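Reviewing the structure listed below.
The values are calculated or read from the model by the stated rules, or taken from the named source; none is laboratory data. Worth saying up front: this structure is predicted, and the values here are computed from it rather than measured. Because the Cβ atoms are built from the backbone with ideal geometry, glycine has one as well, and the counts that use them run over all protein chains shown. The accessibility values were calculated without ligands, DNA or RNA, using every heavy atom of the protein model including side chains. Shrake-Rupley method; radii C 1.70, N 1.55, O 1.52, S 1.80 Å.
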Amino acid sequence: MAESEPPMTRFPVPDTEELPEDLQERMEHERERAGFLPNVFPAFAYRPRQFRAFFDYYDALVEESPLAREELEMVVVATSGANDCLYCVVAHGALLRIYAEDPHLAEQLATNHRTANISDTHRAMCDFAVKLTGSPAEVTDADLERLREHGFSDTEIWDIASTTALFNLSNRMAHVADMRPNEEFYELGRDQS
């Protein structure tokens with residue numbers, strides 16, 4: 001990311017030194033883990049209590065789900081693609097490339113999950129996420145039953161829905177704030193040699 005480009009353009013980005021200590025610690029941890037600070041952290045720090053709630057929910061999903069991390073990222077990328085969310089497609093596309101060890105999958109899912117090189121089981125998972133994103137009132141028992149027929153447990157179905165719901169929120173906030181992806185995300189997971 002160019003130094004002059006802020007994490008978001010429509011709201012002020014808080015000065016890290018003025019944030020509560022727990023947010024500063026979380027942001028430093030993320031910087032150390034990734035080698036850079038993903039822009040979602042300083043952007044969401046605009047509202048510290050909401051930052052805590054959002055990342056607590058995110059952590060609960062990725063740390064406690066029986067779904068594989070690549071499956072969670074598939075849901076995020078399919079959902080974010082359906083919402084045309086540049087930030088989340090780029091950031092979570094990088095994570096998907098890493099966890100799936102596939103340099104092409106993220107773009108396929110973000111553009112059209114129905115033609116992506118994925119299993120029928122993962123296509124059903126992404127179908128559900130995209131339907132929940134675009135037509136939530138049309139989700140029926142039959143949609144859940146289809147996931148069960150593909151081997152997903154009720155807990156996994158809950159987590160697919162929770163991940164979809166959380167990233168519908170995230171996508172909408174990224175649009176409203178004009179959150180910008182870090183330059184580093186564009187290259188992560190591309191070299192799978």
**OP:** Residue by residue through segment 35-53, note down the ones that are in a helix (DSSP H, G or I) and either open to solvent by 50 Å² or more (accessible area, probe 1.4 Å) or without any contact (Cβ under 8 Å) to a residue 40 or more places away in the chain (or both).
**Re:** Phe41, Pro42, Pro48, Arg49, Gln50, Phe51, Arg52, Ala53
Original post:
Has segment 120-127 got any residue that is assigned to a helix (DSSP H, G or I), among the β-branched types (Val, Ile, Thr) and farther than 29 Å from Arg26 by Cα?
Top reply: yes
**OP:** Name every residue in segment 6-34 that is part of a loop (DSSP other than H, G, I, E, B), without any contact (Cβ under 8 Å) to a residue 40 or more places away in the chain and in contact with a Pro (Cβ under 8 Å, 6 or more places away or on another chain), in order of residue number.
**Re:** Val13, Pro14, Leu19, Pro20
Original post:
For Ala165, are the conditions met, namely being more than 16 Å from Glu70 (Cβ to Cβ), touching a residue at least 24 places away in the same chain (Cβ under 8 Å), open to solvent by 30 Å² or more (accessible area, probe 1.4 Å) and part of a helix (DSSP H, G or I)?
Top reply: yes
Original post:
When Glu145 is evaluated against the numbered criteria (1) over 28 Å from Arg190 (Cβ atoms); (2) open to solvent by 40 Å² or more (accessible area, probe 1.4 Å); (3) not in a helix (DSSP H, G or I), which criterion, by number, is the only one it fails?
Top reply: (3)
Original post:
Would it be correct to say that Pro66 is modelled with pLDDT of 95 or more, open to solvent by 20 Å² or more (accessible area, probe 1.4 Å) and closer than 15 Å to Ile160 by Cα?
Top reply: yes
Subject >> Verdict on Tyr58 being open to solvent by 20 Å² or more (accessible area, probe 1.4 Å) and aromatic (Phe, Trp, Tyr) >> reply: yes
**OP:** Could you please give the count of residues in segment 72-122 that are of a type in the set (Lys, Arg) and surrounded by 23 or more Cβ atoms within 10 Å (Cβ to Cβ)?
**Re:** 1
Original post:
Is it the case that segment 54-63 has a residue that's at pLDDT 95 or above and not in a helix (DSSP H, G or I)?
Top reply: no
